[in-house]
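Each value in this text was obtained by applying a stated rule to the coordinates, not by laboratory testing. Because the structure is predicted, anything quoted here is derived from the model rather than measured. Positions of Cβ are generated from backbone atoms using ideal geometry, with glycine treated the same way; all protein chains shown enter the neighbour counts.
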Amino acid sequence: MEHLIEGYRRFRAQQWPDRSGTFERLAHVGQSPTTMVIACSDSRVDPTLIFSAEPGELFVLRNVANLVPPYAPDRAFHATSAALEFAVRVLEVSNLIVMGHAMCGGIGVLLRGAPPGAGDFLLPWMSIAEPAKRRVLAQPSADPQSQCEQESVRLSLENLRSFPWIAERASQGRLRLTGMIFDIRTGVLTLLQPDGRFAEVPG
Ligand SMILES: [Zn+2]
């Protein structure tokens, strides 16, 4: 904990003097990010760092394995869907990004089961991605982990379109949905293409 407090002190001493104006403006006029990113909670995947983004630019939701559940307004505790509703219906973002990543522990749970003593919430949560797992395992694969990481991004994009206010905005061209994978081993970002493949962002 102490190293975090030390980090905060460095932020106050080195960052805040240059950034206080930005924060004051954001506090005064409110936030108006144009992009929401749904990324994994994994400590190695930080969208703000990857996109070199500034405070106020990205509305970020991070959960285990960057999953989007299907639309289900059933009054249960839907943290991901609540964040989506705020970003899309209140902030009116124009970009929705689902960012998967290599070596995802959540996808590992999907493929190999929960670690001992950790299935209360992980297993029901990861069951969202069961259709992706079924599609991948239906064909022989040399790397089911990577295939599942990719397929779960495709599935989350499908699930995004099950939200009527997302589908409506997407069909009207007011909202763009994008899938990505960040490879934590190489630092390379790949984008889901119209043909369904992931291709590296040109340097
Ligand atoms: Zn992950």
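Data table
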{"quantity": "Packing rank of 167-176, 115-124, where each peptide gets the mean count of other beta carbons within 10 Å, highest leading", "calculated": "167-176, 115-124"}
{"quantity": "Net charge of Cβ neighbours under 11 Å - reference Arg154; Lys, Arg +1; Asp, Glu -1", "calculated": "-1"}
{"quantity": "Mean separation of Cα contacts under 8 Å (6+ apart) over length of the chain, as relative contact order %", "calculated": "21 percent"}
{"quantity": "Cβ-defined net charge surrounding Val93, 13 Å radius [Lys, Arg +1; Asp, Glu -1]", "calculated": "+1"}
{"quantity": "Binned Cα-Cα distances of the chain, short to long, each 10 Å bin given as a whole percent", "calculated": "8, 31, 34, 20, 6, 0"}
{"quantity": "Highest-fluctuation residue, Met103, Met180, Met36 considered, GNM on the chain with Cα pairs under 10 Å", "calculated": "Met103"}
{"quantity": "Beta bridges by DSSP in the range 69-203, antiparallel share as percent, to the nearest 5", "calculated": "50 percent"}
